[in-house]
Amino acid sequence: MIRKATLNDIPFIQETIKPYAERGEMLSRTLNDLYEHIRDFSVYEKGNGVLGVAALALSWENIAEIRSLAILENRLSLGIGSALVKYCLEEARSLYVKKVFVLTYTAEFFKKIGFHPIDKEDLPQKIWKDCVNCSKFPACDEQALIIEL
Ligand SMILES: CC(C)(COP(=O)(O)OP(=O)(O)OC[C@H]1O[C@@H](n2cnc3c(N)ncnc32)[C@H](O)[C@@H]1OP(=O)(O)O)[C@@H](O)C(=O)NCCC(=O)NCCS
């Protein structure tokens, strides 16, 4: 089942993101950052365990970002990633968000859900505030994709 995250999920969220962040495949999230933004997160839970996490971050008028989407490495290819993205899109609709974007190295995964590539320059300026924390800044090689709801 997918549900909104609680403070109790924070250790699992951090552990799920960690291997990808260590390989530079996504931004790491500090504990402080996770506490401040826990209401953005949803988790996929089975039994007593969290198997995947995703965040919907509101960016600007009508637009939000899916961030920190990560599935436990031993639970890939089971449909969990796409289920979490669809849950975030439903959440976005309920908030009257009109467009959801993502910055990613896994463009093909998002294209299967209906996202399409856009020029990063077309995204609101303020989304780049977190990029200064990225080891690759300012040479970002992630792809930007967007979906209209
Ligand atoms: C990308 C990621 C979320 C996919 O999660 P997943 O649970 O394995 O994906 P699903 O099982 O829902 O896959 C859905 C479809 O996408 C495809 N897919 C999954 N990962 C893919 C990838 N990296 N590249 C291309 N296609 C991919 C699957 O084959 C599947 O296709 P199908 O419907 O034709 O069978 C997961 O690999 C992950 O956590 N990656 C690391 C972090 C990351 O890159 N996050 C995204 C940016 S924030």
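The values are calculated or read from the model by the stated rules, or taken from the named source; none is laboratory data. Because the structure is a prediction, the values reported are computed rather than measured. As a convention, Cβ positions derive from the backbone with ideal geometry for all residues, glycine included, and neighbour counts pool all protein chains shown.
Hey, could you check the range 110-149 for residues that are in contact with a strand residue (DSSP E or B) (Cβ under 9 Å, 6 or more places away or on another chain) and among the aromatic types (F, W, Y) and say which is farthest from R23 (Cα to Cα)? Residue satisfying both the conditions and the ranking: F115. Just wondering, is there one or more residues in the range 130-143 that are exposed (fewer than 13 other Cβ atoms within 10 Å of the Cβ), in a loop (DSSP other than H, G, I, E, B) and modelled with pLDDT of 95 or more? No, the range 130-143 has no match at all.
Scan the range 68-92 for residues that are within 16 Å of E45 (Cβ to Cβ) and either near the ligand (Cβ under 6 Å from one of its atoms) or assigned to a strand (DSSP E or B) (or both) and jot them down. L69, A70, I71, L78, G79, I80, G81, listed by residue number. Put simply, of K99, K136, K129 the only residue that is charged (D, E, K, R) and farther than 20 Å from R29 by Cα is K99.
Looking only at the range 117-132, which residues are closer than 19 Å to N62 by Cβ and within 15 Å of the ligand (Cβ to nearest atom)? Within the range 117-132, K120, L123, I127 qualify. W60 falls short on exactly one of the conditions (1) among the aromatic types (F, W, Y); (2) under 17 Å from C131 (Cα atoms); (3) within 11 Å of the ligand (Cβ to nearest atom), and that condition is (3). Contact annotation: residue pairs with Cβ atoms under 8 Å, 6 or more positions apart or on different chains, pairing a residue in the range 28-42 that is more than 19 Å from E91 (Cβ to Cβ) with a partner that is among the basic types (K, R) and part of a helix (DSSP H, G or I), are S28/K18.
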